[in-house]
Every structure is written in C-alpha cells, then in structure tokens.
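Could you have a look at this structure, given as structure tokens, before my questions?
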Amino acid sequence: MARAPKSPSKAPIWLAAGVRTPFAKVDGPLSAYDAIALSVPVAQAMVAKLNGAKPDFAVWGTVIPNLTWSNLAREVLLDAGLDPTIPAFSTVMACSTSMIGVFEAAGMIDGRGRDLALVGGVEAMSRVQIGLSPGLSDGLRKFLQAKTLGQRIGLLSALKPLSLFIPKVVNRTTGMSMGEHTEITAKDWKIGREDQDRVALASHQTAVAAWNRGFFDDLVIPVGEFRKDNLPRPDTSLERLAKLKPAFDKVSGQGTLTAGNSSPLTDGAAAIWVASDEGLKRLPAETPRVKLIDYEVTSIDLKHEGLLMAPAYGVPRMLVRNGLTYADIDLWEIHEAFAAQVLFHIKAWQDRDFLRDKAGVTADLGAFPVDRVNPNGGSTALGHPFGATGARILSQAVKELASRPSGTRAIVSICADGGLGTMALLEAA
C-alpha cells in the first residue's frame, strides 16, 4: 500500500478542473477515433486556456494497449501540435489510470520549475487492436528471418492454425470478467437487484439534471458534431430497469447485474490540471480548483477478497489518518463500475467487524451519508472509458467542491481491476 502522509510543511498541491470529450457508447459517435485522435482535442483545449503559457510536463494513459505506439502521452502532445519541449510520459492502472497519473504528477510538483502538470487519459473501446497470439508471432518472426526457401517451407507448419489474440475485459489471473467477479461479491454481501437498480436510476436522473442545468457546459468540449454524452437516459425507470436480464450470471438464475445497473463500454478522453501555487497563476482565474490533501493507493488479495473491494479498505484508513469521520466529508464521488460495487463498498464501510478485522480500523467513523454520493451522476449513467474515468471524476468533483464553502471536503474513490483502488481527499480553498 502506497500513501502520501499529510505534511504541514509541504506547499499545497492543487487540482484544477479540466475538460473532456462527450462520452459515447462503444461503436457509437466516437468509433472512428483511436486513442491518440480522441485525446488530441482535449489536450489542445486544455493548453489553449493557458494563453501562451505551457505545462511543465504531461502524464497521459490508456488501458487497452496498441502496438503502433509506446509512449501515448508523447504522441498525443505531438499530434496536438503542442510545444515539443514539454516532457510527457504514459501511465496505466486499469480503471484508476488517470487518477494514478494525478498522484504521480502531484509527487513531481516541487515549486522549483515543476509547477503545472497536464494529466489525462483515454479509452477508444471501439478501436481495440486485435493481435497475433504469442506462438503465431514467434513463428512468423522466425519465418521472416529464415534465409532459405527450404527453411521457410519447414517453418510454415508453425504458422498453422491461425491464432489471433482478441483483448477481453477479464482479469488475467482469474480469467473472469469484472461483472462475474462483482456478481460473486454482490452475493457475498447480499446486495439485491432492486437496490442496484435504484442506484442506477439515481445515476441517470442526476446526470440528466446536471446536463440540463449546465453543470457540464464548461467540462465537456465537442468532438466534431458530437457535443453531449449519449449514455444518460432521461426516460429510464425502475420498471424498465427491472425488465433487463442478468448480464453476467445467466446460468444460476440468481444474477442481479444487468446492462442497466452496470457501467457501459465507453469511448472518451478527459484531462485535469495538477499545480503548485505558482502553477495556478497560469490558469484562468475562473478555473475551479481545490486542494489535494491526501491520497491512498490500496491493493488487496484478489484470491481471497472481492476483486473490486480495495476502496472498502482504503477509504477508512485515509479518514483515520486525517482524523476524520464519514460525516466530515460533504461530497462523495464514487466510481460506479457497477451499482452493486458502490453498495457493497458502503455496506463494508458501515460494518464494524469488516473495518476492524480486515481494514484494521478501530475508530468509530459514524453513519455513512448516502445522500452525499454522486450528485451530478456517476459512471453507470455517464459512461466509463477506463483510462479517462479518473480525470473525469476528479474534474467533476473539483467543480462541485469548489462551489461549496471553504474547508468543505470531498472523497473521490475508484476501484480498479487487479484488486486495486485509488482514493483522494480534497478540500475547498
């Protein structure tokens, strides 16, 4: 477990809201864009706000690999036509990719020339690259290296049968999808179907309301003619959600996760600023900004605990480290990979036995304020482009928190494949 202890002597690190593309369902309006092309307008829009200044470095990430580039961050900046002297590196941590990029940038900001970082992420789910299996790749390479026709003929048998590698949304260690894992954890924690559908419905209703009142107007930029998320559904209802069939457990008859209460496969890119006091001076004064007080990166044993349970451990530890309880947090932005996952996190946070025996937290953190969660919609409604979700949810939290009184706090929490999780404690200036 990595963490950043609170240090009174350290200058504050700021997060300032960035922009993102509209999010689109896979094979939809953004399907023609690869990860670089989808990121370019976001990077351009971010740097255009600096009025001739530039960031000191950039961090960018995506989860699904592509063999046509190695350092995505560098390629994005170059294709965007930005200053080629800006250093840029790529990062990846499943669904926490652009959030871990924020933590990496925060550790590099030093007030001595590294004052402003451009951080972002992207997922082009519609442009997943199909590759050759390792065995076929080895055989083809040897075939091409052969010096004689006889050698090549002898190697032809190694190229059969044709074997392709098609990336899947599954955990490599277990061979199971995120949804299959979540079904198991939902059953362990006795999370019911109707409760999941209620979380999903609330996510859609709050996302639609946020769009209607203009909350996303300065957070989302157009890409071509596509200007608005196409995933939030104003017409959904509990009755409609209840009619959907289980998506991951179709055999036992006990499945509760559906396409309606799970985040959809999504295309999109997003970015955020990480800055020192000096770095903030380069941003427009109206840019929402808050302090990054603390962060947590938690890893669990996925063979003996639910795959997406890391935040259930990490959030209470971060609260205790900062002398806080649940009631001290006015805004909770919890990534909704699945509605069930949000519910079993909350249930674990209120389970004294779990907190004591597993998370190692003995303090009384009080009752969890469910009414403070995701006031502007979550990933179930807005979508979940793996590499972009961290920057999306952080920018959304920054804007909401910055509108509240000084000293107001927020926690942002993301679960990630591999038994990982990232969490941030933010505070309004």
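Within region 150-189, track down each residue that is part of a helix (DSSP H, G or I), surrounded by fewer than 13 Cβ atoms within 10 Å (Cβ to Cβ) and modelled with pLDDT of 85 or more.
Asp188 - this is the single residue of region 150-189 that is part of a helix (DSSP H, G or I), surrounded by fewer than 13 Cβ atoms within 10 Å (Cβ to Cβ) and modelled with pLDDT of 85 or more.
Same structure, new question: Scan region 267-280 and tell me whether some residue there is open to solvent by 30 Å² or more (accessible area, probe 1.4 Å), of a type outside the set (A, V, I, L, M, F, W, C) and modelled with pLDDT of 95 or more.
Of region 267-280, the ones open to solvent by 30 Å² or more (accessible area, probe 1.4 Å) are 277-278.
Cutting the leftovers down to of a type outside the set (A, V, I, L, M, F, W, C) gives us 277-278.
Remaining after also requiring modelled with pLDDT of 95 or more: 277-278.
Yes, there is a match, as at least one residue in region 267-280 is open to solvent by 30 Å² or more (accessible area, probe 1.4 Å), of a type outside the set (A, V, I, L, M, F, W, C) and modelled with pLDDT of 95 or more.
Considering region 125-149 alone, what residues qualify as being in contact with a Lys or Arg (Cβ under 8 Å, 6 or more places away or on another chain) and either open to solvent by 90 Å² or more (accessible area, probe 1.4 Å) or under 25 Å from Asn66 (Cβ atoms) (or both)?
Taking region 125-149 and keeping what is in contact with a Lys or Arg (Cβ under 8 Å, 6 or more places away or on another chain), we get 143, 146.
Of everything in region 125-149, just one residue is in contact with a Lys or Arg (Cβ under 8 Å, 6 or more places away or on another chain) and either open to solvent by 90 Å² or more (accessible area, probe 1.4 Å) or under 25 Å from Asn66 (Cβ atoms) (or both), namely Phe143.
Of the conditions (1) closer than 21 Å to Glu123 by Cα; (2) surrounded by fewer than 21 Cβ atoms within 10 Å (Cβ to Cβ); (3) touching a residue at least 24 places away in the same chain (Cβ under 8 Å); (4) among the hydrophobic types (A, V, I, L, M, F, W, C), Leu231 satisfies every one except a single condition; which number is it?
(2)
Filter region 1-58 for residues that are assigned to a loop (DSSP other than H, G, I, E, B), modelled with pLDDT of 95 or more, small (Gly, Ala, Ser) and more than 24 Å from Ala88 (Cβ to Cβ) and give the result.
Within region 1-58, Gly28, Ser31, Ala32 meet the criteria.
For region 48-84: of the residues being within 11 Å of Ile36 (Cα to Cα) and acidic (Asp, Glu), which is most open to solvent (accessible area, probe 1.4 Å)?
Of region 48-84, the ones within 11 Å of Ile36 (Cα to Cα) are 60-62, 66, 68-69, 71-80.
In the following step, the residues that additionally are acidic (Asp, Glu) were identified as 75, 79.
Numbers: Glu75: 67, Asp79: 98 Å².
Per the criteria, the residue is Asp79.
Given the conditions (1) over 30 Å from Gly323 (Cα atoms); (2) open to solvent by less than 10 Å² (accessible area, probe 1.4 Å), and given that Ser98 satisfies all but one, which numbered condition is not satisfied?
It fails just one condition, (1).
Further, regarding this structure: Can you tell me which residue is farthest from Asp217 (Cα to Cα) among those in region 255-289 that are in contact with a helix residue (DSSP H, G or I) (Cβ under 7 Å, 6 or more places away or on another chain) and in a loop (DSSP other than H, G, I, E, B)?
Gly255
Given the condition in contact (Cβ under 8 Å) with a residue 24 or more places away in the chain and touching a strand residue (DSSP E or B) at 6+ places or on another chain (Cβ under 7 Å), answer yes or no: does some residue in region 353-373 qualify? Explain how you work it out, then say what you get.
Here is the first cut: in region 353-373, the ones in contact (Cβ under 8 Å) with a residue 24 or more places away in the chain are 354-355, 358-361, 363-370, 372-373.
Those left that are additionally touching a strand residue (DSSP E or B) at 6+ places or on another chain (Cβ under 7 Å): 372-373.
For region 353-373, residues in contact (Cβ under 8 Å) with a residue 24 or more places away in the chain and touching a strand residue (DSSP E or B) at 6+ places or on another chain (Cβ under 7 Å): present.
Now for a different question. Condition (residue is within 19 Å of the chain's Cα centre (by Cα), closer than 30 Å to Ile300 by Cα and open to solvent by less than 50 Å² (accessible area, probe 1.4 Å)) applied to region 208-227: is it met by at least one residue?
Just the residues of region 208-227 that are within 19 Å of the chain's Cα centre (by Cα), to begin with: 216, 219-221.
Okay, now just the ones that are also closer than 30 Å to Ile300 by Cα, so none.
No, the conditions are met nowhere in region 208-227.
Taking Leu401, is it crowded, with 22+ Cβ neighbours inside 10 Å and not in a helix (DSSP H, G or I)? Quick ask: steps written out before the conclusion?
Working: crowded, with 22+ Cβ neighbours inside 10 Å: yes; not in a helix (DSSP H, G or I): no.
Here the answer is no, as Leu401 does not meet what is asked.
Return the pairs, sorted by first residue and then second, in which the second residue is of a type in the set (Lys, Arg) and open to solvent by 70 Å² or more (accessible area, probe 1.4 Å), the first residue lies in region 46-69 and is closer than 14 Å to Arg114 by Cβ, the beta carbons are less than 7 Å apart, and the residues are 6+ apart or on different chains.
Matching pairs, first to second residue: Asp56/Arg114; Phe57/Arg114.
If I ask for residues that are in a strand (DSSP E or B) and free of Cβ contacts under 8 Å to residues at least 60 places away in the same chain, which ones from region 85-103 would you list? I'd like the intermediate steps shown before the answer.
So in region 85-103, the residues in a strand (DSSP E or B) come out as 88-91, 93, 95.
Scanning region 85-103 gives Ala88, Phe89, Ser90, Thr91.
Taking region 238-254 as the region of interest, how many residues are modelled with pLDDT of 95 or more and either assigned to a helix (DSSP H, G or I) or out of contact with any Leu (no Cβ under 7 Å at 6 or more places or on another chain) (or both)?
So the first thing to find is which residues in region 238-254 are modelled with pLDDT of 95 or more, and the list is 238-248.
Filter once more, keeping what is either assigned to a helix (DSSP H, G or I) or out of contact with any Leu (no Cβ under 7 Å at 6 or more places or on another chain) (or both): 238-245.
Going through region 238-254 one residue at a time, the tally reaches 8.
Out of (1) closer than 30 Å to Ala424 by Cβ; (2) of a type outside the set (A, V, I, L, M); (3) touching a helix residue (DSSP H, G or I) at 6+ places or on another chain (Cβ under 6 Å); (4) surrounded by fewer than 17 Cβ atoms within 10 Å (Cβ to Cβ), what's the single condition that is false for Gly121?
If we test Gly121 against (1) closer than 30 Å to Ala424 by Cβ; (2) of a type outside the set (A, V, I, L, M); (3) touching a helix residue (DSSP H, G or I) at 6+ places or on another chain (Cβ under 6 Å); (4) surrounded by fewer than 17 Cβ atoms within 10 Å (Cβ to Cβ), just (4) comes out false.
Would you check if Thr325 is over 29 Å from Thr174 (Cα atoms) and among the polar types (S, T, N, Q)?
Numbers: over 29 Å from Thr174 (Cα atoms): yes; among the polar types (S, T, N, Q): yes.
Against the criterion (over 29 Å from Thr174 (Cα atoms) and among the polar types (S, T, N, Q)), Thr325 qualifies.
Report the residue count in region 20-47 for those that are among the hydroxyl-bearing types (Ser, Thr, Tyr) and either out of contact with any helix residue (DSSP H, G or I) (no Cβ under 9 Å at 6 or more places or on another chain) or open to solvent by 30 Å² or more (accessible area, probe 1.4 Å) (or both). Give the derivation first.
Of all residues in region 20-47, those among the hydroxyl-bearing types (Ser, Thr, Tyr) come to 21, 31, 33, 39.
Applying the additional criterion that residues be either out of contact with any helix residue (DSSP H, G or I) (no Cβ under 9 Å at 6 or more places or on another chain) or open to solvent by 30 Å² or more (accessible area, probe 1.4 Å) (or both) yields 31, 33.
So the count comes out to 2.
The values are calculated or read from the model by the stated rules, or taken from the named source; none is laboratory data. Just so it is clear, the structure is predicted and the values come from calculations on it, not from any experiment. Positions of Cβ are backbone-derived with ideal geometry, glycine not excepted, and every protein chain shown enters the neighbour counts. The area values use the complete protein model at the heavy-atom level, side chains included, leaving out ligands, DNA and RNA. Shrake-Rupley method; radii C 1.70, N 1.55, O 1.52, S 1.80 Å.
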